[in-house]
Amino acid sequence: MLKTFRGACIANIQFQQVRFAHRIRGKAPIYCRTIKERLEELNYKDEIYTTRIDIGFPRTKLSAADLRTNRLDHIKKIKSDKNLEQLARNHKLEIDLTKARNEWLKTSGPYQKKQIADHYGVFEHLYREGYFIPFVNLDIYYNLKDGSLLPVYSGNVVKPAEAIEYPSVGFESDGKSLWTLALTSLDGHLTEANKEYVHWLIANIPGDAVEKGDTIVEYLQPFPLKGTGYHRYVFVLYKQGKRVSYDLPKVTSSSPLEARTFVTRDWYEKYQDDITPIGLAFYQTDWDDSVKDFFHNKLNIKEPIYEYDFPEPYIRPQEWFPRRKPFNIYMDKYRDPKQINKEYLLRKLKNEDPFKTPPPPLKFPNAHPLPKSMPSWLKLHEKKIRLGWGRVNDV
Amino acid sequence: MNSLRIISLQPQMWVRFSSTIPEFINRNPRNLERMRIARKPDGYHLDKPGRKFWHKLVLTPSNRTVTAQVVHFLNGPVIEAKTSEWALRQQLYSINDTCAYINLGRVFAQRCLESGITEMYCDIKAASGGKVQKFLDEVVKGGIKLEESEVYKKPMPWDMLRPEKPWEINEE
């Protein structure tokens with residue numbers, strides 16, 4: 001009975017073609033998470049590590065009602081100004097940018113400065129979890145040789161050659177309080193990662209007269225290393241509650257570089273009862289020739305040069321019988337690149353004579369015939385060298 | 001999306017001389033983007049608003065005001081200028097007419113330059129002669145480049161050409 005039943009079953013099977021290639025891999029789209037959700041879960045950090053503390057001053061609140069009435073009056077005045085209306089209708093109304101900037105600094109400027117400083121990771125590397133809103137605007141200008149002034153705002157680029165002399169600093173002060181100004185480099189430490197160099201530190205500045213303060217650390221020009229890109233240099237202004245004598249050794253321009261090693265967070269932690277950060281300005285700078293002079297003439301050491309470490313290219317394991325591969329190109333992949341470069345260099349030096357003028361480059365490199373007996377792979381190799389393609393560029 | 005940040009935060013440099021540490025790490029999170037070797041969030045080329053950028057210019061006109069922002073692909077909006085903020089409104093006749101757009105462009109360009117962001121991706125398709133076009137013209141006139149450079153890819157030894165390294169080009 002059983003046998004006959006099974007036999008009947010088999011006879012009824014219809015052989016269908018199944019297309020395995022179009023099967024959905026993984027979960028169906030309605031159940032699986034998106035790449036964004038998965039990355040968020042992977043990079044989740046606990047609140048302990050992400051909570052931030054405001055170490056600055058609170059906002060001085062103005063009376064909202066007064067502000068509103070003043071502004072409404074002003075807008076009414078503007079709307080009834082026929083001259084302004086004509087200018088606006090003819091697309092000729094141009095606002096005063098300095099006036100707009102000054103107003104911005106009084107209203108939303110400090111908050112936006114904090115935002116951009118966060119974008120550059122300034123607070124993270126100065127105070128780790130601490131941050132502050134820079135309510136006092138710092139006007140910092142480097143005097144250039146041609147008499148013009150180069151300002152420092154929040155992240156603009158200043159070349160080291162332009163910042164050799166100390167800048168002029170100005171800020172709005174009530175005249176009574178004392179201030180501290182610090183300039184540190186967040187990225188420039190030569191020997192220890194996560195440490196800074198203090199380039200300038202002036203304490204007990206009365207009013208806004210920076211020259212009258214006690215210079216603890218004399219000014220040092222920025223020295224971003226060659227090949228390491230853009231370094232951040234941060235000016236922070238602290239408001240002092242009283243006269244503070246920092247327990248720091250005096251650093252002059254002739255002191256060794258190690259004396260300038262500094263950690264803002266530790267220093268601030270020690271004096272946080274007496275000083276509060278209130279002003280911020282920073283710039284980015286990258287290598288130029290003045291850094292070389294600085295290392296050779298001031299520090300009397302060899303200038304370190306770095307290069308970005310790109311990942312090595314993947315080269316798959318060598319095969320005994322590679323198929324459809326040009327043998328010379330294939331074999332070159334598994335040779336020592338230094339040896340290959342040496343061969344190219346020797347070939348180049350063979351035809352060079354220090355007492356003769358070098359022959360002019362070929363005007364039509366492909367038009368010069370190669371011997372007929374030459375194998376085609378060698379012809380291609382020669383042509384590549386003549387055209388300056390490929391490994392010949394590495395010499 | 002943070003995994004990208006971790007990679008771009010740790011440039012590994014190697015040293016040719018032994019006077020200092022062999023591996024120097026620049027902590028500046030914007031450094032690799034400026035040197036053009038950071039990653040861009042690639043892989044979303046089928047999505048309509050492109051995501052392959054580090055900084056992007058976003059212009060949002062509402063019924064009453066106009067907002068211009070620079071948006072970073074990880075950190076969100078980093079620079080902002082609005083016509084409704086008092087700094088601009090104080091001097092404008094109307095806060096969404098052509099003049100408002102032109103002046104917004106000027107202020108926005110100034111703020112970007114102050115923050116050291118001079119290149120940004122922009123996918124705004126502006127009607128020629130319109131307000132938006134005038135805004136973009138002012139931004140360009142203010143010194144902002146409205147396209148971002150390609151990521152520098154290190155050439156393989158067997159590649160035909162060796163493109164110049166962006167960080168070795170001297171501007172002067």
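The values are calculated or read from the model by the stated rules, or taken from the named source; none is laboratory data. All values reported here derive from a predicted model rather than from experimental measurement. Using ideal geometry, Cβ is built from the backbone for each residue, glycine included, and neighbour counts are taken over all protein chains shown. Remember, those area values only see protein heavy atoms, side chains included, never the ligands or the DNA or RNA. Shrake-Rupley method; radii C 1.70, N 1.55, O 1.52, S 1.80 Å.
Quick test for you: out of A:Lys298, A:Lys342, A:Lys325, pick the one residue that is surrounded by 10 or more Cβ atoms within 10 Å (Cβ to Cβ) and at pLDDT 95 or above. It would help to see each step written out before you state the result.
Values: A:Lys298 fails: at pLDDT 95 or above; A:Lys325 fails: at pLDDT 95 or above.
Of A:Lys298, A:Lys342, A:Lys325, the one residue that is surrounded by 10 or more Cβ atoms within 10 Å (Cβ to Cβ) and at pLDDT 95 or above is A:Lys342.
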If we keep only residues of region A:75-101 that are in a helix (DSSP H, G or I) and exposed (fewer than 14 other Cβ atoms within 10 Å of the Cβ), then the residue farthest from the other protein chains (Cβ to nearest Cβ) is A:Lys76
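Would you point out which residue out of A:Tyr330, A:Tyr314, A:Tyr334 is hydroxyl-bearing (Ser, Thr, Tyr) and open to solvent by less than 40 Å² (accessible area, probe 1.4 Å)? Walk me through how you get there before you give the answer.
On the way: A:Tyr314 fails: open to solvent by less than 40 Å² (accessible area, probe 1.4 Å); A:Tyr334 fails: open to solvent by less than 40 Å² (accessible area, probe 1.4 Å).
Result of the check over A:Tyr330, A:Tyr314, A:Tyr334: A:Tyr330.
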Please go through (1) in a helix (DSSP H, G or I); (2) in contact (Cβ under 8 Å) with a residue 12 or more places away in the chain; (3) more than 9 Å from chain B (Cβ to nearest Cβ) for A:Ala65 and return the number of the only condition it doesn't satisfy. (2)
Out of all the residues in region A:128-157, which are more than 14 Å from chain B (Cβ to nearest Cβ), in contact with a Phe, Trp or Tyr (Cβ under 7 Å, 6 or more places away or on another chain) and over 14 Å from A:Leu237 (Cα atoms)? A:Gly130, A:Leu149
So, in region A:28-62, of the ones that are part of a helix (DSSP H, G or I) and within 30 Å of A:Leu237 (Cβ to Cβ), which residue ends up most open to solvent (accessible area, probe 1.4 Å)? A:Tyr49
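From A:Gly213, A:Gly227, grab the single residue that is more than 19 Å from the chain's Cα centre (by Cα), of a type outside the set (Phe, Trp, Tyr) and modelled with pLDDT under 95. Before the answer, list the steps.
Working: A:Gly227 fails: more than 19 Å from the chain's Cα centre (by Cα).
Exactly one of A:Gly213, A:Gly227 is more than 19 Å from the chain's Cα centre (by Cα), of a type outside the set (Phe, Trp, Tyr) and modelled with pLDDT under 95, namely A:Gly213.
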Give me the pairs: first residue in region A:279-302 and more than 11 Å from chain B (Cβ to nearest Cβ), second residue among the hydroxyl-bearing types (Ser, Thr, Tyr) and in a helix (DSSP H, G or I), beta-carbon distance under 6 Å, and six or more apart or on different chains, which are they? none
Within region B:85-122, how many residues turn out to be facing chain A (nearest Cβ under 7 Å), among the charged types (D, E, K, R) and either open to solvent by 30 Å² or more (accessible area, probe 1.4 Å) or within 18 Å of the chain's Cα centre (by Cα) (or both)? 3
Out of the residues in region B:58-76 that are of a type outside the set (Gly, Ala, Ser) and under 20 Å from A:Arg101 (Cβ atoms), state the one that is nearest to the other protein chains (Cβ to nearest Cβ). B:Val70
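State yes or no: is B:Lys82 on the phi < 0 side of the Ramachandran plot and crowded, with 20+ Cβ neighbours inside 10 Å? Walk me through it before giving the result.
Working: on the phi < 0 side of the Ramachandran plot: yes; crowded, with 20+ Cβ neighbours inside 10 Å: yes.
It is true that B:Lys82 is on the phi < 0 side of the Ramachandran plot and crowded, with 20+ Cβ neighbours inside 10 Å.
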